[in-house]
Amino acid sequence: MKNRTLASALTLTLALGVALPLTQLVSVPEASAQDKSKSPAKQEIADADYVCKELKRLLDLSGWESKENVIGMIEEQVKTCDEAVAKVKKADPKWDVSAWTKLIADGKARAKKAREALGTKKPAAPTGPDPKNSPAYDDIVLTQGAMTSLEKKLADKTDWATDQSARESAKTAIEGVEGGIGRIKKKDPKWDLSAWEKTVKEARARLKVAQDAVDKKESVDKKNYDTYQAYTWTLSKVETGIELLQKVNTKPADLKIESEQIFGNMVKAIAGVEALDKECKEKKYATVPVPGFYKNIKPAAVEGCKLAAGWKEGGKKYVEVEAKGGAKSESARLTKVIENMKAGKSIEANDHGRLLDPSKAVEAIKGIYDKGGKTFDFTTEASTYDPIKTVAESYPKALEEAGKTSRWDKAAKLQDAGITAAVASDHKKGGPLPEGQVIRVASVNDWFVEKDVWGVPVKRTRSADALVKIKGEGYCRLYARSFESFFKNGVWSKPSWIMAGSTFKISSCQ
């Protein structure tokens, strides 16, 4: 009996998660100071003293009142102590058992109070023979407690599919009962476990339904995750285009007016959004719930796909905004060019030519934006470039005024027949520069001669100003040119120009 009681105590201790020193489980003081050696109930007293002391120790453990399966085990221990005391009273009616009976009453009261606090009834005793006569007694008692817990979970209507904690708790309870059933079968194959096995089967079925629902949801969630991941990958590739479309649709005034090269790149970026538009329609990104991991991805698929669907219309708006801004910027630039020209500064030959013909000035810039608009089947309106046309129309009068002032440097007095001949050749009909009459060619400084290590001349360079009246123009152009000549066989070669004369000043011909 001591061995069985010790096993029960160990089982309770493990269930509570509290460790008792081995000396407390084995060395137990007697219940009274009476001399049991003189009593005919010597053995019964020793047994009762042992099991009741074990009950006392177990009642003193903390936390058992909140564990239903342990309450049942405490109740069994109370019953064991009560039965042992009854044997003492039968063998020796005069023996004082008051301390034991008080302990039994206290145990019953506390177990009852604990069970009432949990709102459950005392578990029904196992059917069939007395479990005390079974070699699997301890496992039967422990499993009975586990069964009580499992039955309570089955009675609870919590949805195991949506409550992970309830699902895991049920799984643990099922496995606890299954483990107990396995141990009981091994120790006592004849013990009737059919009722418990039926309950476990029902619990397993409910758990499977819940797990299947969880697995299905996880499968859907994974599919959504993978789909949304594909959206974010494509979005990252067209990020610049999407940002431009967002600005076009919300704050077009914030768009930067880009240079010709950058504008072309931006057009390509917007056109690239078509790839996202195709995926949005094929994979239905906008219908996928946003997985938590991607909550901060902007724009979300709903907005991103909407922007992508309008890539062509957005592209047209972008080109239109850029064209208007570009025309305004170009007109401002040309205005500054004219101001500088009138102030005696150089002007680019290309700008001069465009300003002389307003249609060319417009055509040059319109071609840039129409090339970009072609991607979106869009052609800019001619009126967009009216500011440029207006500036160009003011150019002839500005030239007339500028042509009244001489820009010739009076310090340029040194002449070179070879350089003069080269300039004249450049401006003759069919030459590399516009046809015209050379009025004057002179330099401020003489030739700069480069020599080798032996002091022998190798090359010489010289700057020269050339005043030329271009055919059809009522003013002169003042070119700043550079020439070079090479020394070979003791003779200098004819001068040839280094700079092509792409800039010049407008001057009188004096």
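Checking Ala170, Ala84 one by one, the residue that is in contact with an Asp or Glu (Cβ under 6 Å, 6 or more places away or on another chain), assigned by TED's automatic domain parsing to the domain that holds Glu44, part of a helix (DSSP H, G or I) and buried (at least 21 other Cβ atoms within 10 Å of the Cβ) is Ala84 and no other.
Of all residues in the range 258-284, those that are farther than 15 Å from Val319 by Cβ have Cβ atoms under 6 Å from Cβ atoms of residues that are of a type in the set (Phe, Trp, Tyr) and assigned to a helix (DSSP H, G or I), 6 or more apart or on another chain, in Glu274/Trp311; Asp277/Trp311.
Quick check on this structure: which one of Glu339, Glu348, Glu322 is surrounded by fewer than 16 Cβ atoms within 10 Å (Cβ to Cβ) and touching a residue at least 60 places away in the same chain (Cβ under 8 Å)? Full working, then the answer.
Working: Glu339 fails: touching a residue at least 60 places away in the same chain (Cβ under 8 Å); Glu322 fails: surrounded by fewer than 16 Cβ atoms within 10 Å (Cβ to Cβ).
Sole residue among the options that is surrounded by fewer than 16 Cβ atoms within 10 Å (Cβ to Cβ) and touching a residue at least 60 places away in the same chain (Cβ under 8 Å): Glu348.
Considering only the range 468-485, state which residues are without any contact (Cβ under 8 Å) to a residue 24 or more places away in the chain and more than 21 Å from Asn445 (Cβ to Cβ). Answer for the range 468-485, where residues must be without any contact (Cβ under 8 Å) to a residue 24 or more places away in the chain and more than 21 Å from Asn445 (Cβ to Cβ): just Gly472. In summary, Lys429 fulfils each of the numbered conditions (1) farther than 28 Å from Lys360 by Cα; (2) surrounded by fewer than 16 Cβ atoms within 10 Å (Cβ to Cβ) with the single exception of condition (1). Taking each residue of the range 181-202 that is in the same structural domain as Thr148 (by TED's automatic domain parsing) and within 19 Å of Lys171 (Cα to Cα) and looking for partners that are among the polar types (S, T, N, Q) and part of a helix (DSSP H, G or I) with beta-carbon atoms closer than 8 Å, six or more apart or interchain, yields Ile181/Thr143; Arg183/Thr143; Trp196/Thr143.
Report, by residue number, each residue of the range 469-496 that is among the polar types (S, T, N, Q) and either in contact with a strand residue (DSSP E or B) (Cβ under 8 Å, 6 or more places away or on another chain) or crowded, with 17+ Cβ neighbours inside 10 Å (or both). Ser482, Ser485, Ser493, Ser496 - these are the residues of the range 469-496 that are among the polar types (S, T, N, Q) and either in contact with a strand residue (DSSP E or B) (Cβ under 8 Å, 6 or more places away or on another chain) or crowded, with 17+ Cβ neighbours inside 10 Å (or both). Tell me, please, whether a residue that is touching a residue at least 60 places away in the same chain (Cβ under 8 Å) and at negative phi can be found in the range 99-108. Scanning the range 99-108 turns up at least one residue that is touching a residue at least 60 places away in the same chain (Cβ under 8 Å) and at negative phi. Comparison of Glu313, Glu330 shows that the only residue that is at pLDDT 95 or above and acidic (Asp, Glu) is Glu313. Would you check which residues across the range 87-104 are β-branched (Val, Ile, Thr) and either part of a helix (DSSP H, G or I) or not assigned by TED's automatic domain parsing to the domain that holds Lys53 (or both) and list them? Scanning the range 87-104 gives Val88, Thr101, Ile104. Residues in the range 392-426 that are surrounded by 17 or more Cβ atoms within 10 Å (Cβ to Cβ) and among the acidic types (Asp, Glu) were compared, and the one that is modelled with the highest pLDDT is Asp416. Selection of first residues in the range 486-510 that are more than 16 Å from Gln437 (Cβ to Cβ) and of second residues that are of a type in the set (Phe, Trp, Tyr) and not in a loop (DSSP other than H, G, I, E, B), restricted to Cβ pairs under 6 Å at least 6 apart or on distinct chains, gives the following pairs, ordered by first then second residue: Ser493/Phe486; Pro495/Phe483; Trp497/Phe483.
The values are calculated or read from the model by the stated rules, or taken from the named source; none is laboratory data. Treat the numbers as computed from the prediction; the structure is a model and nothing was measured. Every residue, glycine among them, receives a Cβ derived from its backbone with ideal geometry; neighbour counts consider all protein chains shown.
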